[in-house]
Amino acid sequence: MAAEPRYYQIAVPSPLFGHFDYLPLRENPVPLTPGTRVRVPFGRGREVTGVVLGGSAHSAVPRHKLKRIARVLDDSPVLPATLLALLRWAADYYHHPLGEVLATALPAWLREGRPARLPGVPVWHLTDAGRALESSALTRAPVQRRLWEALVAVTDGLEAEPLGELSTRWREVMAIFEERGWVARHERRAESEVVPAPQPAPPLNAAQTGAIAEITGALDRYQCFLLHGITGSGKTEVYLGAIEKVLASNKQVLVLVPEIGLTPQLVERFRRRLGVPVAVLHSGLTDTQRFAAWSGAAEDKAPLVLGTRSAVFTPMPRLGLIVVDEEHDASYKQQEGFRYSARDLAVLRAAREKAPIVLGSATPSLESLKNARDGSYRLLELPERPGAAELPVVRLLDLRKLALDDGLSAPLRAAVAERLKRGEQSLLFLNRRGFAPVLMCYGCGWVAPCRRCDARLTYHQRSSKLICHHCGAEQLLPEKCPNCAGAELHPIGEGTERLESALAKIFPKARLVRIDRDSTAARGALEGKLKAVHEGRADILVGTQMLTKGHDFPNVTLVGVVNADQGLYSAEFRAAERLFQQILQVAGRAGRADKPGEVLIQTWHPDHPLFAALVRHDFNGFADYALAERSEAGFPPYSHLVLLRAESPDRGAALGFLRAARAKAETPNGVQLMDPVPSPMERRAGRWRAQLLVQSAKRAPLHEFLDGWVRALGALKQARRVRWSLDVDPADLF
Ligand SMILES: [Zn+2]
Ligand SMILES: [Zn+2]
């Protein structure tokens with residue numbers, strides 16, 4: 001056994017960079033393996049859970065100033081060496097304090113210092129003495145008698161729940177029985193899930209079979225595949241085919257999906273088709289459920305993990321394959337705290353653990369597509385829908401020549417009417433919730449502003465409120481204009497609520513279903529609405545981008561894009577890419593198998609190359625155009641971006657901090673610092689916001705520069721007046 005080192009380096013959850021040195025336990029010190037949790041004193045009288053990084057014979061801090069480890073929590077490390085190394089790399093790459101990175105990766109259960117094993121379920125059972133009792137002994141205590149009879153009737157005792165159903169006083173009675181020696185308690189381990197036998201794969205087409213063969217031909221090494229399959233082309237069957245092979249070789253598989261796509265139906269599909277228990281990890285779980293799934297994977301009991309963003313950090317000792325579904329989805333990037341990209345870390349993890357990885361999408365991100373074109377990813381294409389289902393016809397409705405009534409042009413109304421007559425469903429996509437984005441006074445031109453943001457309030461008719469979609473501020477609808485006291489307040493523009501009420505007027509007999517964040521806020525509301533659509537109890541669906549993700553609507557034969565121009569000329573460099581992805585994804589919901597679909601897009605800019613590509617279903621054509629534009633502007637994937645953001649309730653403080661930060665920077669060749677500027681929305685939730693963009697063609701000099709710079713920022717005196725954060729590879733520049 002190695003000798004106990006004199007010092008341990010411990011990562012502690014704290015906004016400070018670097019690690020902290022501690023002395024070993026005083027009593028019975030044992031050598032600690034990196035990845036083991038310890039409780040350590042930190043700050044004034046506080047004790048926190050830290051993670052051992054390593055030991056050493058020396059410390060830069062004098063020995064008498066160091067504190068001692070208070071308690072060791074684990075016999076063996078909770079984070080295996082490969083994962084700990086990945087997390088240390090990620091802390092360096094995203095320039096985020098390691099202690100906070102580790103805290104993000106660990107389930108709350110472990111973060112809070114609880115034991116790294118699940119507690120069993122307590123069970124109360126009769127002792128021999130209890131079983132030998134005469135029932136007449138309890139005639140004068142009916143509650144005791146009822147509970148005793150229930151225990152006599154079973155062989156291995158009862159848990160809290162059935163006892164609770166017999167009497168609310170059961171705990172009290174069990175305590176009495178235990179005292180008399182009639183009852184004892186034991187713990188029951190959670191039983192392993194019973195799973196059905198695997199189902200055979202459906203018939204696959206040549207492209208699917210070929211893709212599975214390519215992936216399974218690379219199971220013993222790292223290789224990143226980009227699976228580009230048009231909507232409805234059966235990407236999931238390719239995942240399942242490859243996963244089946246990996247599981248058969250006794251290895252584990254990690255599947256990441258966007259938050260909104262992780263439905264019970266998806267979990268059930270994987271479970272039934274593969275015939276294995278599925279460990280599910282998402283943000284809606286309790287701490288215990290989350291830890292149960294996590295430890296199942298870590299202890300090698302769960303062969304398959306299906307999870308959202310942070311599931312990328314699940315320890316899996318025999319990892320054999322990673323799948324990232326809808327790899328383009330923005331939800332893979334964490335937008336606060338440790339701003340990592342789960343997709344990018346998944347690729348890195350696969351490389352480090354020498355496993356293949358599949359990134360799948362109908363609309364791959366331009367970053368991944370470029371990697372495939374450059375040859376660092378292997379491109380697999382699924383160009384067809386199985387069963388010869390045809391792609392929907394896409395037509396543009398030129399708003400320069402068509403009148404709009406409640407946001408709908410005559411051809412779009414006619415198309416909806418046609419579907420109603422045929423008993424088919426229509427889907428109208430409008431990525432703006434509420435009734436109208438603006439409330440305006442016709443007397444003086446006043447528009448309702450948010451007092452805390454540089455934004456207008458959205459009018460919500462249902463609740464008779466004005467709501468800010470940026471900070472959540474709400475106010476009641478004013479009766480008069482606050483500026484001129486006029487009564488002519490009118491909603492301008494369309495949101496989903498207004499579209500829904502317009503459709504109700506035009507088609508009074510149609511059954512409408514609206515799907516957006518407001519209409520699905522209640523628990524189970526979304527499921528109920530989707531069920532109505534699937535069971536044919538809906539004629540017209542109206543919704544936001546919630547409709548573009550993960551749901552199939554086989555009876556929808558018309559998709560109408562009500563306002564396609566949002567984002568077409570945005571300052572945000574990814575806006576066109578997102579718009580194209582959204583429309584193509586929503587268009588993919590139209591028509592399956594025997595029912596061809598039609599997509600109608602209302603736009604003021606029918607000549608835009610983005611729409612020309614959409615009409616041809618030409619993702620590659622769009623990508624050529626968009627990549628050329630990015631290359632010209634020097635944006636990703638042709639450069640690397642880092643955004644330093646700052647905000648403060650004091651006007652000017654954020655900009656002042658960024659100016660000081662810029663002055664502090666000594667930039668090496670190839671790294672460019674832009675001037676600090678106010679954020680596109682300068683004031684949000686009462687805070688003034690500003691940002692500074694750093695750009696570089698090469699990663700190495702960029703990160704070398706950031707290393708020193710970021711650590712110096714905290715010491716700036718201007719830093720005390722602001723909240724600042726660094727975003728490496730930002731998803732947007734807002
Ligand atoms: Zn007015
Ligand atoms: Zn606001």
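Of note:
- Links that overshoot a 30 Å alpha carbon limit, given the list Lys509/Lys595; Lys67/Lys354; Lys245/Lys531; Lys245/Lys529: Lys67/Lys354; Lys245/Lys531; Lys245/Lys529
- Excluding same-chain neighbours fewer than eight residues apart, the lysines reachable from Lys698 by a Cα-Cα span under 20 Å are Lys370.
- Annotation note: trypsin sites (Lys or Arg not before Pro) in segment 508-584 located in DSSP loop regions with a Cβ neighbour count of at most 16 within 10 Å are Lys509, Arg511, Arg517, Arg523, Arg537.
- Segment 195-317 shape via C-alpha gyration tensor axes, a/c threshold 1.5: prolate
- If you sort the three axes of the alpha carbon gyration tensor as a ≥ b ≥ c, you get a/c of 1.5 or more for segment 196-240 and a/b no higher than b/c, which makes it oblate.
- The Cα center of segment 362-385 and the Cα center of segment 26-87 differ in position by 43 Å.
- Cα shape, segment 622-673, gyration tensor, a/c 1.5 rule: oblate
- Relative counts (whole %) of C-alpha pair distances in the chain, using bins that are 20 Å wide: 14, 41, 34, 11, 1
- Estimated from helices alone, the mean residue ellipticity of the chain at 222 nm is -9000 deg cm²/dmol (sum of -39500 (n - 2.57) over DSSP H runs with n ≥ 4, per residue).
- When both segment 185-218 and segment 145-162 are represented by their alpha-carbon centers, they are found 39 Å apart.
- Asp329 accessible area, assembled protein chains, probe 1.4 Å, Å²: 10
- Solvent-accessible surface ranking, highest first, for Tyr222, Tyr442 at 1.4 angstrom: Tyr442, Tyr222
- Exposure of Arg146 as accessible area (Å², to 10), given a probe of 1.4 Å and all protein chains: 110
- Here His605 sits with roughly 70 square angstrom of accessible surface, probe radius 1.4 Å.
- Probe 1.4 Å, all protein chains present, accessible-area order of Asp325, Asp374, Asp75, largest first: Asp75, Asp374, Asp325
- The loop-placed trypsin sites (Lys or Arg not before Pro) in segment 338-408, going by DSSP, that have at most 13 neighbouring Cβ atoms within 10 Å of their Cβ come out as Lys354, Arg400, Lys401.
- For the peptides 620-629, 128-137, the ranking by mean Cβ contacts within 10 Å, running from highest to lowest, is 620-629, 128-137.
The values are calculated or read from the model by the stated rules, or taken from the named source; none is laboratory data. Computed from a predicted structure; not experimentally measured. Cβ sites come from the backbone with ideal geometry, for glycine too, and all protein chains shown count toward neighbours. For the accessible areas, the whole protein counts, side chains as well, though only heavy atoms, and no ligand, DNA or RNA atoms are used. Shrake-Rupley method; radii C 1.70, N 1.55, O 1.52, S 1.80 Å.
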